[in-house]
Amino acid sequence: MKIRHPFLIRLSAFVLAWVMRLWVGTLRLRKIAVDGLPHPIHPSRRRFIFAVWHDSVISMASVRLPADVLISRHADGELIAQTCGFLNVGVVRGSTTRGGATAILRLASSKRPRHILITPDGPQGPRHRLQAGIVALASRTGLPIVLVAIGFARAWRLRSWDRTVLPFPWSLAHAIASEAIAIPSGLSREELDDYRSRIERRFLHLTELAQRWADSGRRPSASELAPPADLRLELPKCA
């Protein structure tokens with residue numbers, strides 16, 4: 001049942017935010033950054049576009065990440081947006097399907113010292129299918145993309161389209177942050193789709209490694225973290 005009344009939406013968002021703080025606060029997070037950067041870097045030093053799959057975004061509540069997040073305008077968007085507000089996460093409304101162009105322009109024009117957090121397969125999937133909006137945003141803003149793949153040692157999965165992950169309290173999560181991926185400006189539609197495809201394959205590769213790490217307890221080696229030859233992204237170095 002959808003919640004429509006403004007007071008009930010706000011009350012539900014407040015309760016949900018505190019449940020998330022308490023629940024995710026018990027989560028133990030192990031991290032690897034492919035390029036050795038100490039993420040999350042404070043955005044006053046350097047800004048990034050962080051990408052996390054829609055099914056894993058709840059776990060980002062365990063990371064103190066000063067960021068603006070793109071929230072869809074679908075029916076549940078207001079509840080999610082207000083929950084983010086109680087979690088001190090900035091919100092821009094829109095998606096690649098509804099209000100996307102306006103949202104991207106707002107994110108691109110923002111000069112606030114905050115990162116940007118995107119679920120690139122949201123809000124309605126397909127699951128783990130990276131949409132072109134994040135590539136267009138990186139191209140327009142000049143901000144590099146960092147892919148955050150998370151594997152879970154013990155978790156429930158909801159029967160939603162994205163199979164949302166609810167990690168067990170006091171369980172382990174294993175996160176891999178990719179190298180910073182810079183996107184050139186002024187790309188054609190074909191070039192955007194080419195970058196989208198290659199970044200998606202890189203994200204899926206890191207997601208597989210993160211889950212394998214969670215299942216086995218064995219930390220991936222440097223050679224495993226490096227993109228294979230057929231997935232290597234010939235992208236410009238970030239300053």
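The values are calculated or read from the model by the stated rules, or taken from the named source; none is laboratory data. What you are looking at is a predicted structure, and each value in this text was computed from that prediction instead of being measured. Backbone-built Cβ (ideal geometry, glycine too); neighbour counts: all protein chains shown. In case anyone asks, the SASA skips ligands and DNA or RNA and just uses the protein heavy atoms, side chains included. Shrake-Rupley method; radii C 1.70, N 1.55, O 1.52, S 1.80 Å.
Is it fair to say PHE7 is among the aromatic types (Phe, Trp, Tyr), surrounded by fewer than 16 Cβ atoms within 10 Å (Cβ to Cβ) and out of contact with any Asp or Glu (no Cβ under 8 Å at 6 or more places or on another chain)? Criteria met by PHE7.
Filtering the stretch 34-41 for residues that are over 14 Å from ARG64 (Cα atoms) and open to solvent by 90 Å² or more (accessible area, probe 1.4 Å) leaves an empty set. The requirement of being of a type in the set (A, V, I, L, M), closer than 27 Å to PHE7 by Cα and at pLDDT 80 or above is fulfilled somewhere in the stretch 66-80, by at least one residue.
Residues in the stretch 205-224 that are over 15 Å from VAL148 (Cβ atoms) and part of a loop (DSSP other than H, G, I, E, B): 4 in all. The lone criterion from (1) free of Cβ contacts under 8 Å to residues at least 40 places away in the same chain; (2) outside any strand (DSSP E or B) left unmet by TRP156 is number (2). Of the residues in the stretch 18-32, at least one is part of a helix (DSSP H, G or I) and open to solvent by less than 50 Å² (accessible area, probe 1.4 Å). Residues in the stretch 33-82 that are among the β-branched types (Val, Ile, Thr) and under 28 Å from ARG219 (Cβ atoms): VAL34, ILE41, ILE49, VAL52, VAL57, ILE58, VAL63.
Report the residue count in the stretch 90-103 for those that are open to solvent by less than 40 Å² (accessible area, probe 1.4 Å) and either assigned to a strand (DSSP E or B) or at pLDDT 70 or above (or both). Total satisfying the criteria: 2.
Among the residues examined, VAL52 does not qualify as at pLDDT below 85 and surrounded by 18 or more Cβ atoms within 10 Å (Cβ to Cβ).
Only one of the numbered conditions (1) open to solvent by 50 Å² or more (accessible area, probe 1.4 Å); (2) modelled with pLDDT of 85 or more is violated by MET1, and that is (2).
When you check HIS115 against the structure, is it open to solvent by less than 40 Å² (accessible area, probe 1.4 Å) and at positive phi, yes or no? No: the conditions fail for HIS115.
Being hydroxyl-bearing (Ser, Thr, Tyr), in a helix (DSSP H, G or I) and at pLDDT 90 or above is a property that does not hold for SER12. Of the residues ALA138, ALA210, ALA149, ALA180, only one is over 15 Å from ILE49 (Cα atoms), buried (at least 19 other Cβ atoms within 10 Å of the Cβ) and either at pLDDT 90 or above or polar (S, T, N, Q) (or both); which? Matching residue, one of ALA138, ALA210, ALA149, ALA180: ALA210.
Is it the case that ILE199 is of a type outside the set (S, T, N, Q), modelled with pLDDT of 90 or more and not in a loop (DSSP other than H, G, I, E, B)? Against the criterion (of a type outside the set (S, T, N, Q), modelled with pLDDT of 90 or more and not in a loop (DSSP other than H, G, I, E, B)), ILE199 qualifies.
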